[in-house]
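Taking it in order: structure first as structure tokens, then the write-up.
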Amino acid sequence: MIPMLRQILRAGVVTEPAPAPDEALRVTAQRLSAAMARQLGRALVIRHIDAGSCNGCELEINALNSPYYNLEALGIKFAASPRHADLLLVTGPVARNMEVAVKRAYDATPSPKLVVAVGDCGCTGGLFGESYASCGRVANVIPVDVAIPGCPPTPLQLMQGILTAIAPAAS
């Protein structure tokens, strides 16, 4: 025990330096908040649909709710029902078993509705493509407004994709 305490006292406190402020994140967050206020005048509500992904994109989407990105402070909320959503965020290639569910969620979303396909699988079908078990990309099942490529896309890319989806409608 004493040798360990001596080693701790010799080493001192060892920590990483604090990260520098991310200016790109700050600018994207400000633009996103302003575009939402112009278009909706209220919070943007997103319904996330996992249409058959590997969950890589879901991990990045969950990071959006972390204190670092703090999406809810920008006025963006996630909903459990497409009936309360303004935007559908669809990940993965659409599995044949999810085709009807994705179409029903799209039909249940009130107009004006936006659809964002997330990840390489959602945009192109990825390595799964179209087969007996997969419809391929999201656009093969429902109309897509914005595609966010990446495997998986970073949270900043997701925020930029959401901004891209709502900005044209605000102009």
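The values are calculated or read from the model by the stated rules, or taken from the named source; none is laboratory data. This one's a predicted model, so the numbers in the text were calculated from it and none came from an experiment. Cβ: placed from backbone, ideal geometry, glycine included. Neighbour counts: every protein chain shown.
Scanning the range 38-77 for residues that are under 16 Å from VAL115 (Cβ atoms), part of a helix (DSSP H, G or I) and touching a helix residue (DSSP H, G or I) at 6+ places or on another chain (Cβ under 6 Å) gives GLN39, CYS57. If the condition is being assigned to a helix (DSSP H, G or I), within 22 Å of LEU44 (Cα to Cα) and in contact with a Ser or Thr (Cβ under 7 Å, 6 or more places away or on another chain), then the range 117-171 contributes GLY119, GLY122, LEU156, MET159, GLN160, LEU163. Just one of (1) among the aliphatic types (A, V, I, L, M); (2) outside any helix (DSSP H, G or I); (3) within 13 Å of the chain's Cα centre (by Cα) fails for ALA80. It is (3). The residue that is modelled with the highest pLDDT, counting only those in the range 83-107 that are farther than 23 Å from SER134 by Cβ and over 16 Å from the mean Cα position of the chain (by Cα), is ARG83.
Pairing each residue of the range 128-157 that is closer than 20 Å to VAL102 by Cα with any residue that is of a type in the set (Asp, Glu), provided the two are 6+ apart or on different chains, yields C-beta distances under 6 Å for CYS135/GLU99; GLY136/GLU130; VAL141/GLU99; PRO149/ASP120. If you check ALA80, ALA85 for being under 25 Å from GLY136 (Cα atoms), surrounded by 15 or more Cβ atoms within 10 Å (Cβ to Cβ) and among the small types (Gly, Ala, Ser), only one passes: ALA85.
Hey, any hits in the range 22-40 for a residue that's free of Cβ contacts under 8 Å to residues at least 60 places away in the same chain and touching a strand residue (DSSP E or B) at 6+ places or on another chain (Cβ under 8 Å)? No, there is no match, as no residue in the range 22-40 is free of Cβ contacts under 8 Å to residues at least 60 places away in the same chain and touching a strand residue (DSSP E or B) at 6+ places or on another chain (Cβ under 8 Å). Number of residues in the range 1-37 that are in a helix (DSSP H, G or I) and more than 30 Å from THR154 (Cα to Cα): the value is 10. For the criterion of being small (Gly, Ala, Ser) and either in contact with a helix residue (DSSP H, G or I) (Cβ under 9 Å, 6 or more places away or on another chain) or within 27 Å of SER33 (Cβ to Cβ) (or both), ALA117 passes. The number of residues in the range 37-77 that are farther than 24 Å from ASP22 by Cβ, exposed (fewer than 15 other Cβ atoms within 10 Å of the Cβ) and polar (S, T, N, Q) comes to 1.
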